[in-house]
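Please see the structure below; I have some questions.
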6 protein chains.
Amino acid sequence: MKILAIGAHPDDIEVGCSGTLAKYAQEGHDICLLVMTEGQMGGKGVTRKKEQIQSSRLLKPREVIWGGYHDTLLTPHMNQMVSDIEAVIHKISPDFIFVHHEDDTHQDHRALAKATVSATRYIRNVLFYEGPTTRNFSPTVFVDIQQTMETKIKMLLAHRSQVQKTNIEGLAITDVVRSTAVFRGIQGRVPLAEAFAPLRLFINILPTGREGL
Amino acid sequence: MKILAIGAHPDDIEVGCSGTLAKYAQEGHDICLLVMTEGQMGGKGVTRKKEQIQSSRLLKPREVIWGGYHDTLLTPHMNQMVSDIEAVIHKISPDFIFVHHEDDTHQDHRALAKATVSATRYIRNVLFYEGPTTRNFSPTVFVDIQQTMETKIKMLLAHRSQVQKTNIEGLAITDVVRSTAVFRGIQGRVPLAEAFAPLRLFINILPTGREGL
Amino acid sequence: MKILAIGAHPDDIEVGCSGTLAKYAQEGHDICLLVMTEGQMGGKGVTRKKEQIQSSRLLKPREVIWGGYHDTLLTPHMNQMVSDIEAVIHKISPDFIFVHHEDDTHQDHRALAKATVSATRYIRNVLFYEGPTTRNFSPTVFVDIQQTMETKIKMLLAHRSQVQKTNIEGLAITDVVRSTAVFRGIQGRVPLAEAFAPLRLFINILPTGREGL
Amino acid sequence: MKILAIGAHPDDIEVGCSGTLAKYAQEGHDICLLVMTEGQMGGKGVTRKKEQIQSSRLLKPREVIWGGYHDTLLTPHMNQMVSDIEAVIHKISPDFIFVHHEDDTHQDHRALAKATVSATRYIRNVLFYEGPTTRNFSPTVFVDIQQTMETKIKMLLAHRSQVQKTNIEGLAITDVVRSTAVFRGIQGRVPLAEAFAPLRLFINILPTGREGL
Amino acid sequence: MKILAIGAHPDDIEVGCSGTLAKYAQEGHDICLLVMTEGQMGGKGVTRKKEQIQSSRLLKPREVIWGGYHDTLLTPHMNQMVSDIEAVIHKISPDFIFVHHEDDTHQDHRALAKATVSATRYIRNVLFYEGPTTRNFSPTVFVDIQQTMETKIKMLLAHRSQVQKTNIEGLAITDVVRSTAVFRGIQGRVPLAEAFAPLRLFINILPTGREGL
Amino acid sequence: MKILAIGAHPDDIEVGCSGTLAKYAQEGHDICLLVMTEGQMGGKGVTRKKEQIQSSRLLKPREVIWGGYHDTLLTPHMNQMVSDIEAVIHKISPDFIFVHHEDDTHQDHRALAKATVSATRYIRNVLFYEGPTTRNFSPTVFVDIQQTMETKIKMLLAHRSQVQKTNIEGLAITDVVRSTAVFRGIQGRVPLAEAFAPLRLFINILPTGREGL
């Protein structure tokens, strides 16, 4: 299957769903990333872009696509973003799309989520992921990431300029992410999980004899 | 996989999720039904029980279990229902459970949903289905039932004493169910669908080469 | 009474509330339509405009007003839309206003709903209608459209270029609309209904001896 | 039309919807009250019953029906209440039903609202009213009670043993009710209003020439 | 402590939280106001500015800051507003921030609330206040304003050009505000209160021996 | 101040709010615990009671009160629980009350939360806490528990028979609690926090010169 993950800034996708992406990459699915900005407000754009590419290598994605927008300035470009995301969808025909949750204290995350809701209106599987700025998130869909938790951590560490930038003293993004995985794991009844709120999701019950997959 | 569908009265499961059950039954999964009452307030218990058994045959279920409760009287038996459902779960170890949505104008549906939420607290996949009395239902999970719509209709027709009992003149339960399947299909972007709200669901992305399943 | 229906594109009003409009038009109320764009992204503007006018004739509206905006580009014009809708309200003094629901996967529908919420802040009766892209819609207000269902269908057929454009193979917009009317009818306890979520609504209990109206 | 108002204790209906009842009583509609308990926990049952009857006279109701339950003890009688309310509905065939909102800090109000939701499952117009213990109430339906505000106050004063029992020093129930009417009036854009959340409501747009009614 | 109150137009802060501000001003806390526009659509900018300054004197604020935006035109300036509010926060380091609720029929209030949610993402105490155009507001946090109700009224009267502009005949803004204070007082179990919905709030239980403060 | 924490089973209060209790106990506030059952379904009642008492010693509470109910059987005793909690409130006059969140997969937690909502209807500060079975919890109120996290852990370890009973292999309750504290800390912008949803809360802004408390 083809999976498209969309994030506003470098490392957003990693925080939200890289355990899931790594899991399905390992099973042979096609991963594609769309990063809308270089995250210029949180560091040098050129550095952050490099970090994103380095991190992404662990997923062996088919492609990392850059949206070319400017950090913090997504809101005024709602219509353009809808078109751009539609163009990416047209090009790669994803079966699954992951994006920021609609309610978030970061204006870029909100705007990108809204644009994606519009651009994906005829896509069958679209899921919202979470991050430290997400609000009012009551996830109902879970992915067990026990096997890929360490890959997720490695990906986050590749964003070297960001690891300590959590705005909470003494707390690295890797601490945030580990605690979140345990917290969501509890809700999903597994040790470590990523959690999602579906915009729209089709159940796929595995055929008999394939449950182990 | 093992699938357990739970309903308060004969034909509730058919209305809510029989297209999905038929689909997975055809693929070789194990289906089990738990019907809490004989629906004595909507007809003769003995008749309705017979109809339920006849309808169920189309699913070739492993078992149809009767809860033994009395129609309209589930509310005062919350604790007993939790125990009874836990016992069924213990016996058949279901991977997926389907039950009424929590908000409903029928007191039995509400009580059974609540009891199931408690009894399934350590089950990984639990989904709420809808019916004509469901309230405030914003489903996010869909199953394409194009292939099994006619089986669903046949199952409903097997409940001969109930087909015309919709409380809306001139409208048979089969009309209700067809319209609902189209309505939910639109939301899921397929011609006919059953729709669910997850209490908790694990994504299963099919392994490469098996997408067609 | 004066009724104003507002839609983003040609045929949106028909999908959402034309059964209701036709019903009240037949009883002698004044109907006015405000269509914000010509729907240029879904066909030729000139064609769609013509279709809208042809469809509207069945309502014998006092007026069809065109907003003059461009399809898919409503979002950046929130303030202008508020002013424009206020101007229309000032001109026709509507007693009832119908508009898209606020949550929708189409960005134009969302933006127009928000603009209308602002522009109608001192109007007593404002109701949100639904369409195939509406999200999280839990309607509580219903209109029985048994007598005008066929008019609604005829109006939709007047939008000839759009009838098959549902993005679901084999499903015409008339199928969507019929199923929705049955689905909402069930919730309202009548055979066919249109359903609304009120922003604000005043009850009008008919005086004794006029119940049949 | 026939209007049935349901309350858990004497004076609950007055607080919630007596302005509306008085308005429609004046227009010649039939009013019926169903009071589930005598309010024995807030005073002597015999006194409170007398007060309720005295207050009700101002509505000239067709009937005041007593549920016969004990104050604070409605919760365990969900099923019996559903049957009892169904019996009342069967007897008087109401067109409109008013009852407590579902979310409330008082256990009797919650239980009665739930029982009414079940018992009214095939009634076309059911509305939830509010009181000082209501929670999470976002009303969308309003009734202008300018003409009957003073009747509402008089009815509340008839509950002499309760007027000062607001649990807030120096605040009479009439103060509570006046402030609420202004507060909801603002939301409905009229000087004084009662506000409701619909479970289910049919719009009745008055026929031309009758708007003044 | 330092308290920052943010409003879109002159008198918005007064309506929403001036009782609270006056209370804490009296206890010696630092108050700062940020008013985004001069309210040019509701009167002459120069007049309204003067009124705001006169009203504010009753709080003896450290500063009244003007945002310099134009009335009704906040929506298109989301990003600029986020930056501007961040700059104010950087300058005055507030411990508490008060702002409009996110859901409101006025487009400026919505936009300003959203911008503030973004700008305050690392502030510990942020609360949403209400006004006559607020929607879907279920406050859970209360401040007893018995001691400062009259100051609140005086502040509102200082906005002389606005007192009668409530869009409801015969109702002054002071009537609106008094009724709201009683209505919210009831919910908080005190005679007069202002009510808030927290975005984020830290409990401060007063140390023993200081409860009377 | 007097703080009452209410839990259905031994260790529920510890999971939900013991960091907060320990913090305020250290500052000299009075703590009182009300534990409704001995948790007989999760171990021997006599053992669990002993563990609860041992754990509680770390808070030096004024009193640990036992409700005397049977584990899993709270639902049918709604009315009795309301009376019992009211009696406790009458006896100790708490300023703050903490209890389970209303939405939870455990039937006892739901029932106890509902009973507490009723029993505390005239208490000014009531907050819902969370645990591993809580659902749909979007907390807005936080307490920084950096100083008391280790006390919280010690208290949980005192419930020796329960530490490994999380239903998730390899995960101790202390892991759950630590991850939750980090997860909620992120949302509150501190390293470790307990999070609450207020039923009703009064802000207490500390007087100038006491901010450090």
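Considering B:H70, B:H29, which residue is within 20 Å of B:V126 (Cα to Cα) and not small (G, A, S)?
Numbers: B:H70 fails: within 20 Å of B:V126 (Cα to Cα).
Being within 20 Å of B:V126 (Cα to Cα) and not small (G, A, S) holds for just one of B:H70, B:H29, which is B:H29.
Can you confirm whether segment C:132-148 contains a residue that is under 23 Å from C:D103 (Cβ atoms), in contact with a helix residue (DSSP H, G or I) (Cβ under 7 Å, 6 or more places away or on another chain) and away from chain D (no Cβ under 14 Å)?
There is at least one residue in segment C:132-148 that is under 23 Å from C:D103 (Cβ atoms), in contact with a helix residue (DSSP H, G or I) (Cβ under 7 Å, 6 or more places away or on another chain) and away from chain D (no Cβ under 14 Å).
Residue under question is E:D84, and the condition is that it be at pLDDT 95 or above, away from chain C (no Cβ under 13 Å) and either touching a Leu at 6+ places or on another chain (Cβ under 6 Å) or buried (at least 19 other Cβ atoms within 10 Å of the Cβ) (or both); does it hold?
Taking the combined requirement at face value, the residue satisfies it.
Among the numbered criteria (1) on the phi > 0 side of the Ramachandran plot; (2) touching a residue at least 24 places away in the same chain (Cβ under 8 Å), which one does F:R178 miss?
Evaluating F:R178 over (1) on the phi > 0 side of the Ramachandran plot; (2) touching a residue at least 24 places away in the same chain (Cβ under 8 Å) leaves (1) as the failure.
State whether the residues of segment E:152-161 include one that is open to solvent by 30 Å² or more (accessible area, probe 1.4 Å), modelled with pLDDT of 95 or more and within 17 Å of E:A22 (Cβ to Cβ).
The answer is yes; a qualifying residue exists.
Next question, about the same structure. Take segment A:102-122 and flag every residue that is within 14 Å of chain C (Cβ to nearest Cβ) and either open to solvent by less than 20 Å² (accessible area, probe 1.4 Å) or in contact with a Gly (Cβ under 8 Å, 6 or more places away or on another chain) (or both). I'd like the intermediate steps shown before the answer.
Of segment A:102-122, the ones within 14 Å of chain C (Cβ to nearest Cβ) are A:102-103, A:110-122.
The answer is A:A111, A:L112, A:A113, A:A115, A:T116, A:V117, A:S118, A:A119, A:T120.
Could you list all residues from segment F:103-150 that are under 15 Å from the mean Cα position of the chain (by Cα), assigned to a loop (DSSP other than H, G, I, E, B) and among the polar types (S, T, N, Q)?
Correct list: F:T133, F:T148.
Also, I was wondering about something else. I'd like to know if segment F:56-68 contains one or more residues that are more than 16 Å from the chain's Cα centre (by Cα) and either farther than 19 Å from F:Q107 by Cβ or without any contact (Cβ under 8 Å) to a residue 60 or more places away in the chain (or both).
Within segment F:56-68, one or more residues are more than 16 Å from the chain's Cα centre (by Cα) and either farther than 19 Å from F:Q107 by Cβ or without any contact (Cβ under 8 Å) to a residue 60 or more places away in the chain (or both).
Let me spell it out: the conditions are (1) at the interface with another protein chain (Cβ under 8 Å from one of its Cβ atoms); (2) surrounded by fewer than 24 Cβ atoms within 10 Å (Cβ to Cβ), and E:I89 meets all of them except one. Which number is the exception?
For E:I89, the failing item is (1).
Further question on the same structure: Can you pull out every residue in segment E:124-149 that is basic (K, R) and modelled with pLDDT of 95 or more?
Answer for segment E:124-149, where residues must be basic (K, R) and modelled with pLDDT of 95 or more: just E:R135.
Residue check, B:D71 against (1) under 14 Å from the mean Cα position of the chain (by Cα); (2) under 14 Å from B:P10 (Cβ atoms); (3) open to solvent by less than 20 Å² (accessible area, probe 1.4 Å), all met but one. Which one?
(1)
Go through the residues of segment F:54-65 one by one and say whether even a single one is within 14 Å of chain B (Cβ to nearest Cβ), out of contact with any Leu (no Cβ under 9 Å at 6 or more places or on another chain) and either under 23 Å from F:K114 (Cβ atoms) or open to solvent by 50 Å² or more (accessible area, probe 1.4 Å) (or both).
We begin by selecting, within segment F:54-65, every residue within 14 Å of chain B (Cβ to nearest Cβ); these are none.
The answer is no; no qualifying residue exists.
Can you work out which of the residues in segment F:78-102 that are in a loop (DSSP other than H, G, I, E, B) and in contact with a helix residue (DSSP H, G or I) (Cβ under 7 Å, 6 or more places away or on another chain) is nearest to D:N136 (Cα to Cα)?
The selected residue is F:E102.
Consider segment C:9-44. How many of its residues are assigned to a helix (DSSP H, G or I), of a type outside the set (A, V, I, L, M, F, W, C) and open to solvent by 10 Å² or more (accessible area, probe 1.4 Å)? Let's see the steps before the verdict.
Initially, segment C:9-44 is screened for residues assigned to a helix (DSSP H, G or I), giving C:12-26, C:40-42.
When the remaining residues are screened for being of a type outside the set (A, V, I, L, M, F, W, C), the result is C:12, C:14, C:16, C:18-20, C:23-24, C:26, C:40, C:42.
Adding the requirement that they be open to solvent by 10 Å² or more (accessible area, probe 1.4 Å) leaves C:12, C:23, C:26, C:40, C:42.
Counting residues in segment C:9-44 that are assigned to a helix (DSSP H, G or I), of a type outside the set (A, V, I, L, M, F, W, C) and open to solvent by 10 Å² or more (accessible area, probe 1.4 Å) gives 5.
Regarding segment A:166-178, can at least one residue be identified that is open to solvent by 10 Å² or more (accessible area, probe 1.4 Å), within 26 Å of B:N125 (Cα to Cα) and either at pLDDT 95 or above or more than 8 Å from every other protein chain (Cβ to nearest Cβ) (or both)?
The answer is yes, given that some residue of segment A:166-178 is open to solvent by 10 Å² or more (accessible area, probe 1.4 Å), within 26 Å of B:N125 (Cα to Cα) and either at pLDDT 95 or above or more than 8 Å from every other protein chain (Cβ to nearest Cβ) (or both).
Now for a separate question. Give the residue, chosen from D:L156, D:L199, that is within 15 Å of the chain's Cα centre (by Cα), part of a strand (DSSP E or B) and more than 9 Å from chain E (Cβ to nearest Cβ).
Working: D:L156 fails: part of a strand (DSSP E or B).
Sole residue among the options that is within 15 Å of the chain's Cα centre (by Cα), part of a strand (DSSP E or B) and more than 9 Å from chain E (Cβ to nearest Cβ): D:L199.
Any residue at all in segment F:155-177 that is within 24 Å of F:M41 (Cβ to Cβ) and in contact with a strand residue (DSSP E or B) (Cβ under 9 Å, 6 or more places away or on another chain)?
Within segment F:155-177, none of the residues are within 24 Å of F:M41 (Cβ to Cβ) and in contact with a strand residue (DSSP E or B) (Cβ under 9 Å, 6 or more places away or on another chain).
Looking at segment E:93-126 only, could you name the residues that are among the aliphatic types (A, V, I, L, M) and under 24 Å from A:T166 (Cβ atoms)?
In the first step, residues of segment E:93-126 are kept if they are among the aliphatic types (A, V, I, L, M); the result is E:97, E:99, E:111-113, E:115, E:117, E:119, E:123, E:126.
The answer is E:I97, E:A115, E:V117, E:A119, E:I123, E:V126.
Give me the residue from segment E:123-138 that is in contact with a Lys or Arg (Cβ under 7 Å, 6 or more places away or on another chain) and open to solvent by 10 Å² or more (accessible area, probe 1.4 Å) and, out of that set, farthest from C:Y122 (Cα to Cα).
So the residue we want is E:R124.
The values are calculated or read from the model by the stated rules, or taken from the named source; none is laboratory data. Just so it is clear, the structure is predicted and the values come from calculations on it, not from any experiment. All Cβ positions, glycine included, derive from the backbone under ideal geometry; neighbour counts span all protein chains shown. For the accessible areas, the whole protein counts, side chains as well, though only heavy atoms, and no ligand, DNA or RNA atoms are used. Shrake-Rupley method; radii C 1.70, N 1.55, O 1.52, S 1.80 Å.
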